[in-house]
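**Student:** Mind looking over this structure? Questions follow.
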Amino acid sequence: MTALATRGGPGGSSSRGLVSHLRLPSRRWRIAFGKIVHNDVRLAYRRPGALIAGFGIPVLLMVIFGELPAFHEIVAGFGGFDIYDAYVPTLAMFALAMIALLGLPMPLASYRELGVLRRLSTTPVPRSWLLASQGVVQLGVAVVALVILFTVSITAFGTPAPVSIGGMLLSLALCVAGLFPIGLLVAAVAKTANAASIIGRIAFFPMIFFAGLWLPRALMPHWLLDISNFTPLGAADGALQTSMLTGFPATQPLLVMAGYALVFGFLARRFFRWE
Amino acid sequence: MVNAPAQDMENSVTRSGSAAPAAAAAEPGMSQAAVEISHLHKTYGTLTAVDDVSFTVAEGEIFGILGPNGAGKTTTVECAIGLRTPDSGTVRLMGFDPRTQAAEVHEIVGVQLQSGALPDQLKVREILDMYQSFYRQPADVGELADVLGLTDKMGSFYKTLSGGQRQRLSVALALVGNPKVAVLDEMTTGLDPQARRDAWDLIRGMRDRGVTVVLVTHFMEEAERLCDRVALIDAGRVVALDTPARLAARARGSKVVRFVPSDHFDDSLLTGLPEVTNVRHDGQHVEVDGSGDLVNAVILTLAAAGVTAHDVELVASNLEDAFVKLTGRHSDPEGATS
């Protein structure tokens, strides 16, 4: 029928109809999803702003802090650990927050701004795959950033190995589960990639303040710590610190993070606009 | 009114002749309809965007949806491809319902949306490869790029493409799934005249490969040159549906033949003909009003009297006249805005 050569589809050339469509091997869809992820990875490193903020800056800060002698002094109230060790979870929060608040929403807002989400909804591939793909890519960036942060701090700067690895992994997983929906909500309310970047940055600073970037949580007055404990990054920082220094974290910070995951997951779902 | 050279008019007559079978095949009840829309309604709040639109597009047809801005063209098309849910009415694409059989419809319908862009930092090949992987029986990317003149640009970033190249890439994405129906919304808007002509050739090429083309446009010349049939939409309604030539003829019952006679002749020679209603002199030119097979009647009668008619032009009404008559508005002559 057509001069354009067709590749033999897995469904065979004669098949039309919903049933044959459903019987298609999932391999075709895995390839399609893989291609979307591949292009998202390309976009992530060709537009490296979010990658630098979420990956480069925390790793750089970690190395600088590690080289500063003042950060290796033992300070009262830190439970026998130095300031540097207290900063490692904060920098992990820095990385996760930047990835969730800039890395995740900016490409999604850009897709909507360009009409890519709309274009995709005219193809056999569901447009929600662009969200899933971006989630996979940013999760990958987060995992690599965290592995580098913890490996370098433990091997090069004398941070003690975590006491509770399970608690640490659970804390990090819940932190991601709480932060990514916030990033999706940023993508939901931002009309353009630029707006997403501005909203993400505005949300970032108070959140990272409560994770102790400027004032370590150990030095916060009680009333401030009480507030911090109910912010996503404050709760995550507390749980992570406990896992690294003493043992499995308390229930409260874990519940706070789970609560953020649920509430913002609902809000992101409710308010996300495709067009 | 356009002074169309007689030769061009002949082309348009031939075209309307070939379109007649398509029009006949598009009658409701025939099985080979590519697109069937009946009694489509869509309102946004108090604004009625589409008000009882019905039409049928036969397989292999180039079907134009023409109308002024805000007439409801895009909404109609968006309902047709399942991007919007109509308030009422039915849509079938190759027999499939876009609302309940979206997966099938998306496999066989290629869509080029108005004002759709792509990320600047992706290369043409990367974009085409990705979209190709979405389809069951995709076109060959290399061949598609070749047909669309994008082969040299395969390794270029989207950012570096010209407007025409971006438009061709967008068309390539509409065709990469080897669609049976291609829906093109304001495809040539913003293109320079050469790129526009290339796009027209491309659309004819698609039809020649058996693709049914639904072309949304507000550019008269485009509809006139390309489309087998045109639905003229105004204020959410189909106000006319016919071949461009017949729509134009409907706008103006009579024709005018304009020529330079080789010699003087008596006006009564022509006024006596049944086809002729009036004869005027305009400098060295003579203009003859009339209907029917006016050109032949005039030329043959003059030739029999030993007079040759030079520089013969058939001054015919065109789609623009039909548009103005039916909608009371002028179309955008440049086709530059949307």
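The values are calculated or read from the model by the stated rules, or taken from the named source; none is laboratory data. Worth saying up front: this structure is predicted, and the values here are computed from it rather than measured. When we count neighbours, we look across all protein chains shown, and the Cβ atoms used for this are built from the backbone with ideal geometry, even at glycine.
**Student:** Given segment B:98-149, what helices (runs of 4 or more DSSP H) lie entirely inside it while holding 3 or more residues that are surrounded by fewer than 17 Cβ atoms within 10 Å (Cβ to Cβ) and assigned by TED's automatic domain parsing to the domain that holds B:I81?
**Tutor:** Qualifying helices (runs of 4 or more DSSP H): B:141-147.
**Student:** Within segment B:83-95, work out how many residues are facing chain A (nearest Cβ under 9 Å) and farther than 19 Å from B:P138 by Cα.
**Tutor:** 1
**Student:** Tell me, yes or no, whether segment A:113-126 has at least one residue that is touching a helix residue (DSSP H, G or I) at 6+ places or on another chain (Cβ under 9 Å), at negative phi, away from chain B (no Cβ under 13 Å) and buried (at least 19 other Cβ atoms within 10 Å of the Cβ).
**Tutor:** no
**Student:** How about segment B:192-237: which of its residues are among the hydrophobic types (A, V, I, L, M, F, W, C), touching a Phe, Trp or Tyr at 6+ places or on another chain (Cβ under 8 Å) and over 16 Å from B:G67 (Cα atoms)? Write out each step before concluding.
**Tutor:** The first filter runs over segment B:192-237 and keeps only residues among the hydrophobic types (A, V, I, L, M, F, W, C), leaving B:195, B:199-200, B:202-203, B:206, B:211, B:213-216, B:219-220, B:223, B:226-227, B:230-233, B:235.
With the extra rule that they be touching a Phe, Trp or Tyr at 6+ places or on another chain (Cβ under 8 Å), the set shrinks to B:213-215, B:220, B:226-227, B:230-232.
Residue satisfying the conditions is B:V213 alone.
**Student:** I'd like to check something: does segment A:165-179 contain any residue that is surrounded by fewer than 20 Cβ atoms within 10 Å (Cβ to Cβ) and more than 16 Å from the chain's Cα centre (by Cα)? Steps first, answer last, please.
**Tutor:** Going residue by residue through segment A:165-179, those that are surrounded by fewer than 20 Cβ atoms within 10 Å (Cβ to Cβ) are A:165-166, A:169-170, A:173, A:177.
Applying the additional criterion that residues be more than 16 Å from the chain's Cα centre (by Cα) yields A:165-166.
The answer is yes, given that some residue of segment A:165-179 is surrounded by fewer than 20 Cβ atoms within 10 Å (Cβ to Cβ) and more than 16 Å from the chain's Cα centre (by Cα).
**Student:** Would segment B:204-219 turn up any residue that is more than 14 Å from chain A (Cβ to nearest Cβ) and among the acidic types (D, E)?
**Tutor:** No, that holds for no residue.
**Student:** Can you tell me which condition B:R125 does not meet? The list is (1) under 21 Å from B:A195 (Cα atoms); (2) more than 10 Å from chain A (Cβ to nearest Cβ), and all the others hold.
**Tutor:** (1)
Conditions (1) part of a helix (DSSP H, G or I); (2) crowded, with 22+ Cβ neighbours inside 10 Å; (3) among the small types (G, A, S), marked per residue:
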| position | (1), (2), (3) |
| --- | --- |
| B:D51 | no, no, no |
| B:G60 | no, no, yes |
| B:I65 | no, yes, no |
| B:G82 | no, yes, yes |
| B:T90 | no, no, no |
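**Student:** Scan segment B:96-121 for residues that are at the interface with chain A (Cβ under 7 Å from one of its Cβ atoms) and hydrophobic (A, V, I, L, M, F, W, C) and report the count.
**Tutor:** Total satisfying the criteria: 5.
**Student:** State all residues of segment B:258-279 that are more than 14 Å from B:L294 (Cβ to Cβ) and in a strand (DSSP E or B); if no residue qualifies, say none.
**Tutor:** Correct list: B:V260, B:P261.
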